[in-house]
1. Against the definition (closer than 21 Å to GLY208 by Cα and either away from the ligand (no atom under 16 Å from the Cβ) or not assigned by TED's automatic domain parsing to the domain that holds GLU218 (or both)), how does PRO93 come out, yes or no?
2. Among the numbered criteria (1) among the small types (Gly, Ala, Ser); (2) surrounded by 19 or more Cβ atoms within 10 Å (Cβ to Cβ); (3) within 26 Å of the chain's Cα centre (by Cα), which single criterion is violated by GLY52?
3. In region 204-239, what residues are of a type in the set (Lys, Arg), within 14 Å of the ligand (Cβ to nearest atom) and farther than 13 Å from ASP340 by Cβ?
4. How many residues does region 33-59 contain that are out of contact with any Gly (no Cβ under 7 Å at 6 or more places or on another chain), assigned to a loop (DSSP other than H, G, I, E, B) and touching a residue at least 60 places away in the same chain (Cβ under 8 Å)?
5. Please count how many residues of region 337-355 are assigned to a loop (DSSP other than H, G, I, E, B) and within 8 Å of the ligand (Cβ to nearest atom).
6. Quick check on my filter: what residues within region 280-295 are away from the ligand (no atom under 12 Å from the Cβ) and either surrounded by 20 or more Cβ atoms within 10 Å (Cβ to Cβ) or not basic (Lys, Arg) (or both)?
7. Which residues, counting only those in region 356-378, are within 12 Å of the ligand (Cβ to nearest atom) and either free of Cβ contacts under 8 Å to residues at least 12 places away in the same chain or out of contact with any Leu (no Cβ under 9 Å at 6 or more places or on another chain) (or both)?
Amino acid sequence: MIPAQYQPPLPLDRLILREGAPGAGDHMELDVLIVGAGPAGLACAIELANLGRREDTEINIGVLEKAEALGEHSLSGAVVNPKPFRELFPDVPDAELPFRRPVGKEAVYLLTAGRALRLPTPPTMHNGGNYVASICEIVRWLGAKAEALGVNVFTGFPAAQLLTQGRRVIGVRTAASDVNRDGTPGASFQAPNDLTAKVVALAEGTRGLLSQAWCEWERVVSPNPQIFALGVKEIWETKRPLDRIVHTLGWPLPSDAFGGSFMYPLEPNLVALGLVVGLDYRDAGLDVHALFQRMKLHPLFRRILEGGEMVEWGAKTIPEGGFYSLPARRSGDGVVLLGDAAGFVDVPSLKGIHYAMQSGMYAARAIFQALTTGDPSAARLAEYEARRVRPPRQQLVHRARSAPHAQHAPGVQGRVLHRGHQSSADDADRGAIPGWNDRGGQRCQCEEVGNPGLTPGVSKPRRSAHVQ
Ligand SMILES: Cc1cc2nc3c(=O)[nH]c(=O)nc-3n(C[C@H](O)[C@H](O)[C@H](O)COP(=O)(O)OP(=O)(O)OC[C@H]3O[C@@H](n4cnc5c(N)ncnc54)[C@H](O)[C@@H]3O)c2cc1C
C-alpha cells in the first residue's frame, strides 16, 4: 500500500469561494493581507511597512494568525542565521536581536545503540556566525516590531477559505467559531468574516491548506511532489550544562529511514533537543515519538538530561523536498506564497527561518511595486521570484536541490556519503547526486491525472506523484 495514493482530495469547492459568497458576518478591506504570523509573514509585513514609511505611502497591512497569541504555534530548534535580521533591522545591533547566544562549539556524531562516533562537521552543518534562539521569542519580537510600524496583527483568527474573483485571489474568509460537531451554531457562535485586499500573502507554514488549495486550483505543479519530515522536540531544564550544539545521524533510526537529531543549548542549563524523521519510512509500525523517547536514553543525551526536567514539548512537519519540490510559481494574480508554505527549507542544514524571512522581504518589495503601480497582477508579483534568483537563500536551496532525495539513499552510509558529497562539492552543481535525478531518483513516479478543478468543463491534466 502506498499512502500517497490514498490522500483524500482537497475539497476545493469548500476552500475556494467566489467573491460575495453568502455566509460572512463582517467585511474588512485592507491593502495587503498576510495569512500566518510566522517569520515569513511578519518579515513581509515589516519590510512592507518600512517601504511605505520610506516612500511616504500609507499601506493598510493586516496579518491573520490562527494561534491565540503570537508564537504559540511556532516550533523549531532553533539555530538561526542572522542575515535577514540584519537586513531588516540595520540599526539594531546583534546583541539586541531576539537571540539567546551565539553558537560556540559544535559537534556531529554517528550513533550506534551504545556509542557516539564523532564525525568531521560537514560544511552544510557548520553554524559559526549563527545564533541559538527560541522561535517563539523571535516571533513575538517580530510581531511587536510590526505593530510598532502600524501593522494590524489579528491573533485567534484562522483563515479558512480563499476568496476569489475570476482567477484572482482577493482575500480570505475566516473560520466561524463555536460550531457544534453537527455543523449547528454553538452558544457563542461567531460568523466568519471576510477580509479582502489588493494582495494576499500566504505564509501559513508547512502544509498550508490555502497554499495547497491555490496551487491545485491554479494547477501549479513542481518537478517533484513535496515531501515531509516530522520533527519532535522537547525543552529540558538540565542539571548539567551543554557546552555545544550537537547533531547526530544513525541510531535509533532504522537504516532505511532518513533523519537525525539535534541538541542545542538555549542557556547552559536549558536545552532544546529533537528528532527529525522523513515521513516516507517503509515500516508502517515506526513511531517517531517512541523513537525519540528511546533516543534520550543514549549516553550522549542521558548524561545531559539525567536529573533534569522536561518543560515543553511539541511536534511539527518540515517540508523537506528542497528546490525541485518548490511550486513552479510562487505568485499569481493577487497572491504570493512565502516561507514553508512554498517549501523554502534547506534540509541538510536544518534551516528555514532565515529563508522564510528572506522570502517575505523579497515578496514585500514586489508587493510594494504592485501597490504603487496599481497592478497586483501575476506578472507584476512574479518579480518576487525574479528577485529571489541571486540571493544566498536561492543558491542554498538550489545547491541542496536533490539533497533530501539523495539522503534517502539506503542506509546510514548513504546519508553519511551524501553529506560528504555536500561537503566536498564546491560548484554550481552542489547537491546534484549522480544517479539521483531531479525527480527523486527511484522514489517518485509521476503520472498525469484528470482534475476537473472548479471551472465546469475545464479538465486540464495535473501532475500527481506516488512516493515509493
Ligand atoms: C523540529 C524543527 C526544528 C527546526 N529547526 C530549525 C532551526 O534550527 N533553524 C531554522 O532556521 N529552522 C528550523 N526549522 C524550520 C523553521 O521552523 C521553519 O522553516 C520556519 O518556522 C518557517 O517559517 P514560516 O513563517 O514560513 O512558517 P511558520 O513558522 O510555520 O509560521 C506559520 C504561521 O502561520 C499560522 N497559520 C497557519 N495556517 C494559518 C491559517 N489558515 N490562518 C491563520 N494563521 C495560520 C501558524 O499558526 C504559524 O504561526 C525547524 C523546524 C522544525 C519542525
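1. Details: closer than 21 Å to GLY208 by Cα: no; either away from the ligand (no atom under 16 Å from the Cβ) or not assigned by TED's automatic domain parsing to the domain that holds GLU218 (or both): yes.
Against the criterion (closer than 21 Å to GLY208 by Cα and either away from the ligand (no atom under 16 Å from the Cβ) or not assigned by TED's automatic domain parsing to the domain that holds GLU218 (or both)), PRO93 does not qualify.
2. With (1) among the small types (Gly, Ala, Ser); (2) surrounded by 19 or more Cβ atoms within 10 Å (Cβ to Cβ); (3) within 26 Å of the chain's Cα centre (by Cα) applied to GLY52, the lone miss is (3).
3. From region 204-239, those of a type in the set (Lys, Arg) are 207, 219, 233, 239; that's our starting set.
From what's left, within 14 Å of the ligand (Cβ to nearest atom): 207, 233.
LYS233, the sole residue that qualifies.
4. Of the residues in that region, 2 qualify.
5. Going through region 337-355, the residues assigned to a loop (DSSP other than H, G, I, E, B) turn out to be 338, 343-345, 350, 352.
The next check asks that each one be within 8 Å of the ligand (Cβ to nearest atom); those that pass are 338, 344-345, 350, 352.
Count: 5.
6. So in region 280-295, the residues away from the ligand (no atom under 12 Å from the Cβ) come out as 280-287, 289-291, 293-295.
Listed by number, the residues that qualify are ASP280, TYR281, ASP283, ALA284, GLY285, LEU286, ASP287, HIS289, ALA290, LEU291, GLN293, MET295.
7. Correct list: GLN358 only.
Table: residues versus (1) more than 30 Å from ILE304 (Cα to Cα); (2) among the hydrophobic types (A, V, I, L, M, F, W, C); (3) surrounded by fewer than 20 Cβ atoms within 10 Å (Cβ to Cβ); (4) free of Cβ contacts under 8 Å to residues at least 12 places away in the same chain.
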residue: ARG168; (1), (2), (3), (4): yes, no, yes, no
residue: SER177; (1), (2), (3), (4): yes, no, yes, no
residue: ARG181; (1), (2), (3), (4): yes, no, yes, yes
residue: GLU204; (1), (2), (3), (4): yes, no, no, no
residue: SER211; (1), (2), (3), (4): yes, no, no, no
residue: LYS233; (1), (2), (3), (4): no, no, no, no
residue: ARG240; (1), (2), (3), (4): no, no, yes, no
residue: THR248; (1), (2), (3), (4): no, no, no, no
residue: PRO252; (1), (2), (3), (4): no, no, no, no
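The values are calculated or read from the model by the stated rules, or taken from the named source; none is laboratory data. The model shown is predicted, which means the values in this text are computed figures rather than measured ones. Cβ sites come from the backbone with ideal geometry, for glycine too, and all protein chains shown count toward neighbours.
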